[in-house]
Structures are given as C-alpha cells and as structure tokens.
Amino acid sequence: MSMLRALWQWFNGQAYLLLATTTLFWGGNGVAGRLAVGEISPMVLVALRWIIVVAIMLPLVGRQVTEAWPKLKAKGWLIVAMGTCGFTAFNALFYGAAHYTSAVNLTIFQGAIPVLVLIGAVLFFRSRVGPLQILGMAVTIVGVIVVSVRGDLAVLRALGINFGDGLMLIACVFYAGYTLGLRQRPAVPGLVFFAGLAIVAFLTSLPLVAAEIASGKAQWPTLTGWAVLLYVALFPSLLSQIFFIRGVELIGPARAGLFVNLVPVFGALLAVVLLGEPFAIYHAIGLVMVLGGIWLAERRA
C-alpha cells in the first residue's frame, strides 16, 4: 500500500505525464463517441456518465466536500459556470455534433482549444507569450491538421461548415473557458473541487435529458452502449478531469492547454488498435509534429 501511495504521489507531481494520460483518455472518448451512435443517445450518455461519477466521488470525498463548503460557496458562481460549460455543455455538444459532422471536422475543431486558451490567457490574465510558444503552437496545429485530413490537402479544401461544425466550435469555446477558469479555482483539494464540478454537471444535465426524452429522441443504452458509458464515465470523465486539474495547477492553463493537441493523435492511434483502421505515414508525421511543437513551446527563451 505504501508503495502505491508513493507511486501516486510521484505521478501526481509529473505535469507532462498527467496531461499526456489525460489526452490519451480523451482520445479514447472520440472513439467512444463514434461507437455510441445508435447505441445510446447523446443526452442520456451525458447524464448517466455524471451520475456514475457522482456516485463514485461522494463516498470518497463527501465529508471533505462538506468541510470545504465555505470555500466552495465563496466561488459558487465559478463552480457552476465551469461545471456547466466544461462538463455538461462541452460533452452534450460534442456527442450531438458527432451525429451531424465528420470525424475530420471534429478533430480539427478540437485542435482549436489550445489556441482559444492561449488567446484567453493573454486577454484576461495578461499572460506573456514568447516566440517559441507561438512557434510551438503553430507546429502542433499543423500536426493536428495533418492527422485530421489524413495527409491529403484536398480533404481540407473540401471541408464545409455544417450544423455539427457549429456545435463543435461552441463546445471548444466552452472548454477553453473552463480551462481558463481553473486558474481561479478555490483553494481546496483537487478531488473536492472536481466533486463539486461533477455535481453541477449532473444537475445541469437533467434538463437536457428531460428534453431529449420529451422529444422522443432518447435512446437508453444497449449492451454496447453500457460499455461505452462505463468507459467515458471512468476515464474521460473521472480520471482525466482529475489529472487535468492537477496538470493545470502545476504548469498553468496556457501551457496545459497545449497538450489538448495530442487528443486527435491519440484518437487516431486508438482507432488503429480498437477499430482496425490502418496506420499511415501521416499519423507518424502528425505525431512527431505535435510532440515537437509541445517541446518547442516548453523551451525557455
């Protein structure tokens, strides 16, 4: 037990490893989103995932949440806004967009999140951005595009903006706002803060699933749908968010947001392993560019 605790303490201090693991799980969320189509409806998936997360978190940190309530209440507006935008709205729009637009478009728009975070950090927090950080950001974005369009510029030229693209762009703005909000989080343990966000996400997802049921579009999970639900609840929803909060705490939102560019790369690799899609040269080129861009952005002028 002491060895596991020591390993966790070490892992909890490794910002890059925390954020890389986070994006690995989020890349799996993209695969899960594709698998969810026809197996579970978007709002049912969003609501049930947060029910599972809350059911796990409350027994673990419920007492700590009660003890930290004065600090949480002092920034209640921030917690409500972050839980609603970063957890409920982003995921609802993400799974909804998957029904209207292509995976290529979804991937490209997700690559916009670090740019939005960096812009927000400069505008709202007066963060200083050096030439290497700008260069690194540009290289990672190009790497994302290479993977997204499968190394074929004709695909990029043929892309059109549709309803799903609009949903995904709004989702990216919401998650960028959530990432920036982490800088102002209350001074409570990460698990306690996450539990508060998860409760907000659960409560704000209820009107969405109620509307989906009322419209007759709700689909309760099939056997495959339950498997998808358990994955997104335990990994992209629970562990990834805890790791991401800690990563932002260690290196700040602008630098942490850069790692989101790994999501489409990991998503492509997982698609090869789990869905049997071929691994092409553009995957390797994109991976090298994304990792190289992150390395550049982390250098000191």
Point to revise | Förster-model FRET efficiency, 22 Å R0, Ala187 and Tyr16, C-beta, rounded to 0.05 | key: 0.35
Check your understanding: Over all distinct alpha-carbon pairs, what is the Kirkwood Rh of segment 18-65 in angstrom?
Key -> 12.6
Check your understanding: Residue-wise, which Karplus ³J(HN,Hα) couplings in Hz belong to segment 86-92, taking 6.51 cos²θ - 1.76 cosθ + 1.60, θ = phi - 60°, and x for glycine or proline?
Key -> x, 9, 6, 5, 4, 5, 5
Review point. Segment 242-282: D in µm²/s via Stokes-Einstein (Kirkwood Rh, Cα pairs, 37 °C, 0.692 mPa s)?
Key: 279
**Study point:** Inter-label distance, nm, simple model (7 Å from Cα along the C-beta direction), Glu67/Ala154
**Key:** 6.3
Check your understanding: Using helices alone, what [θ] at 222 nm do you get for the chain, with -39,500 (n - 2.57) per DSSP H run of 4 or more residues, divided over all residues and rounded to the nearest 500?
Key -> -24000 deg cm²/dmol
Review point. Taking θ as phi - 60°, what are the ³J(HN,Hα) couplings along segment 47-56 by the Karplus curve (6.51, -1.76, 1.60), each to the nearest whole Hz, with x for Gly and Pro?
Key: 5, 5, 5, 7, 4, 5, 4, 4, 5, 7
Practice item. Could you tell me which of Ile145, Ala68, Leu58 has its Cα farthest along the dipole of the chain towards the positive end, charges placed at Cβ (Lys, Arg +1; Asp, Glu -1), taken about the Cα centre? Key: Ala68
Review point. Can you list the residues, at least 5 places off or on another chain, whose amide H is less than 5 Å from the amide H of Ser127, using H built in the peptide plane?
Key: Val122
Study note, to complete from the structure: Stretched fully, the stretch from Leu132 through Ser215 gains (0.36 nm per residue minus C-alpha distance, one decimal, in nm) 24.9 nm
Check your understanding: Hey, what D do you get for the chain in µm²/s if you plug the Kirkwood alpha-carbon radius into Stokes-Einstein at 37 °C and 0.692 mPa s?
Key -> 167
Check your understanding: What span do the alpha-carbon atoms of segment 121-236 cover on each of the three principal axes, reported in whole Å from largest to smallest?
Key -> 48, 46, 24
Revision key, fill the gap. The chain: relative contact order from alpha carbon pairs under 8 Å, six or more residues apart, as a whole percent, is 42
Review point. Share of Cα-Cα pairs in segment 201-301 beyond 17 Å, in percent?
Key: 70
Point to revise | Size of charge dipole - segment 9-140 - debye, nearest 20, with Cβ of Lys, Arg +1 and Asp, Glu -1, no other charges | key: 380
**Study point:** Full-extension gain in nm, Leu60 to Arg34, via 0.36 nm per residue minus C-alpha separation
**Key:** 6.2 nm
Point to revise | Where only alpha carbons of segment 1-99 are counted, the Rg and the Dmax (Å) | key: 16.7, 47
Review point. What accessible surface, in Å², does a 1.4 Å probe find on Phe163, ignoring ligands, DNA and RNA and rounding to the nearest 10?
Key: 130
Point to revise | Low-density loop cleavage sites - chymotrypsin sites (Phe, Trp or Tyr not before Pro) in segment 229-301, where at most 14 other Cβ are within 10 Å (DSSP) | key: Phe279
Practice item. With r as the distance between the Cβ atoms of Leu4 and Ala284 and R0 = 30 Å, compute the FRET efficiency 1/(1 + (r/R0)^6) and round to 0.05. Key: 0.25
**Study point:** Residues of segment 196-214 with amide N under 16 Å of the 7 Å Cα→Cβ point at Leu239
**Key:** none
Practice item. Determine the gain in length on full extension of the stretch Ala81-Leu250; use 0.36 nm per residue of separation and subtract their C-alpha separation, reporting nm with one decimal. Key: 58.6 nm
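The values are calculated or read from the model by the stated rules, or taken from the named source; none is laboratory data. Given the structure is predicted, the values throughout are model-derived calculations rather than measurements. For neighbour counting, all protein chains shown are included, and Cβ atoms are generated from backbone atoms with ideal geometry for every residue, glycine included. With ligands, DNA and RNA removed, areas are computed over all heavy atoms of the protein, side chains included. Shrake-Rupley method; radii C 1.70, N 1.55, O 1.52, S 1.80 Å.
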